[in-house]
Amino acid sequence: MQPKTEEFLYFLLWSIDHFYHPTFRNLTESYESWAYRHGLGRQLSELTKRRLLDTQTSAHGDRVYRLTTKGFLHALGGRDPEARWSRDWDGRWRLVSFDVPNTHNSHRARLRNYLQGRGFGHLQNSVWITPDPLEEERRVLVGGKIDVKSLILLEARPCAGESDGEIVAGGWNFASINRRYARHLKIIKERPDGALHNETAAKELRCWAAEEREAWLDAVTSDPLLPERLLPSGYLGCQSWKQRIQSLRQAGRLLRTFTT
């Protein structure tokens, strides 16, 4: 997806009355003229083809574009933080342990990148950990018969007095994650507040939006989004998320003031 189109998908989160039911409507001729000049019609068409949007016509003849579930998650960065934090946990840790020979460095790198991208914690050397079941990993990593000398998947509980908090601290660098959320919170506070009565004001808000989105994605993609009972003290993710919802709502109200 082109960056401009992906940015527009993110902008659809702005025009919302309820955060989980975002829509976008062509309300005025002045906006349609501006949208046409910026090629937004083509972007809407592309997003619809990718099933990131669906479109309806209201009783008044207005065109209404609504983010699909797929589009909503894509605009958020691929995961719904609230759903991730609120998920149940059965108290069992899942481990992936592997020993890939030095002659297969590219295989080792791909495996590490995959586990990191899935939110696994790097507990020690080639031992990676997650609180979630390994259904997808069984399918992707194992496939057929497994060689336990090179790769093994385990379910475990600590048995020598280790706390879950200590395991979380050992597996993930929450100091680094918090620094990223702190940067995002700082940018949230810098959002322009004035009505969009000209294109200069609109561009200023758009530049802020690009910076906010980049900071959010930088933070959330490094965050495993652990179940709430495992979140460490001082964790800033929930605060950053709440501030983001409020800021998007306010930005949506500003967007409705746009005139040319």
- prompt: Just how many % of Cα pairs in the range 174-260 lie over 19 Å apart, if you round to the nearest whole percent?
  reply: 43
field: Candidates per GluC sites (Glu not before Pro) in the range 173-260, loop by DSSP, up to 11 other Cβ within 10 Å
entry: Glu190
field: Label point 7 Å beyond Cα of Asn173 along Cβ direction - residues of the range 223-258 with amide nitrogen under 13 Å
entry: 223
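Any read-out appearing in this document is the output of simple, stated calculations on the displayed coordinates, not a laboratory observation. Note that the structure is a prediction, hence the values are computed from the model and not measured. Neighbour counts are summed over all protein chains in view; Cβ atoms, including those assigned to glycine, are modelled from backbone coordinates with ideal geometry.
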